[in-house]
Amino acid sequence: MTQKKQKVKEQFHLFLTKKRLKATLQRNLILDAFVDLDRPTHMDELYLILRSKHSHIGHATVYRALRLFAAAGIAREFSLGDGLTRYELAGHGKRHDYLVCSDCGTVTEFDNSSIEERQLAVARSMGFTVEALKIELRGLCSRCLTQSD
């Protein structure tokens, strides 16, 4: 087990203990799949991944587990305005920015530290402390652009 996964599991089990909730087999399977995925996901995608290996896990169970992960500070919920709530591992030094296709809904992550550094410098120069930073660019992906020609 990776050190990151072990740390996340310990954090989750501590949360469950404080809330007097059980560390069920299903919650552990969902947590393992979520951590192993290591990228933003939405509930339906994670459910399909889990369902292919564990047919006894239900849709509502995955939903409730993701909500628990968010409450425990393990997952961060976010939306890109497409009606889907996505979840990603919270903290761990990751920050994601997104290209969102307005036509097909494809979401592509990108990282550009020079953009982030410039934004943070502007905020500091204005006496502003940034608590969260997300860049979301909307437009048409290359596939939709070529289909519209």
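The values are calculated or read from the model by the stated rules, or taken from the named source; none is laboratory data. As the structure is a prediction and not an experimental result, all values here were calculated from the model. Glycine gets a Cβ as well: all are built from the backbone with ideal geometry, and neighbour counts include every protein chain shown. Note: areas computed on protein heavy atoms with side chains; ligands, DNA, RNA excluded. Shrake-Rupley method; radii C 1.70, N 1.55, O 1.52, S 1.80 Å.
List every residue pair whose Cβ atoms lie under 9 Å apart, where the two residues are 6 or more positions apart in sequence or sit on different chains, the first residue falls within segment 11-24 and is over 13 Å from Phe69 (Cα atoms), and the second residue, located anywhere, is open to solvent by 100 Å² or more (accessible area, probe 1.4 Å).
none
Anything in segment 1-57 that is more than 26 Å from Tyr98 (Cβ to Cβ), loosely packed, with under 13 Cβ neighbours inside 10 Å and of a type in the set (Lys, Arg)? List them, or say none.
Once the filter is applied, which keeps residues that are more than 26 Å from Tyr98 (Cβ to Cβ), loosely packed, with under 13 Cβ neighbours inside 10 Å and of a type in the set (Lys, Arg), segment 1-57 yields Lys18, Lys19, Arg20, Lys22, Lys53.
Return yes or no: is Val62 surrounded by 15 or more Cβ atoms within 10 Å (Cβ to Cβ) and without any contact (Cβ under 8 Å) to a residue 40 or more places away in the chain? Spell out how you get there, then give the answer.
Details: surrounded by 15 or more Cβ atoms within 10 Å (Cβ to Cβ): yes; without any contact (Cβ under 8 Å) to a residue 40 or more places away in the chain: yes.
When the stated conditions are applied, Val62 passes them.
Looking only at segment 94-146, filter to residues that are more than 12 Å from Leu80 (Cα to Cα) and of a type in the set (Lys, Arg); which one of those is surrounded by the most Cβ atoms within 10 Å (Cβ to Cβ)?
Lys94
Please find, within segment 1-27, the residue that is farthest from Gly58 (Cα to Cα) out of those that are in a helix (DSSP H, G or I) and among the aliphatic types (A, V, I, L, M). Write out each step before concluding.
Just the residues of segment 1-27 that are in a helix (DSSP H, G or I), to begin with: 3-18, 25-27.
This time we only want the ones that are among the aliphatic types (A, V, I, L, M), so: 8, 14, 16, 25.
Values: Val8: 23, Leu14: 24, Leu16: 20, Leu25: 13 Å.
By that ranking, first place goes to Leu14.
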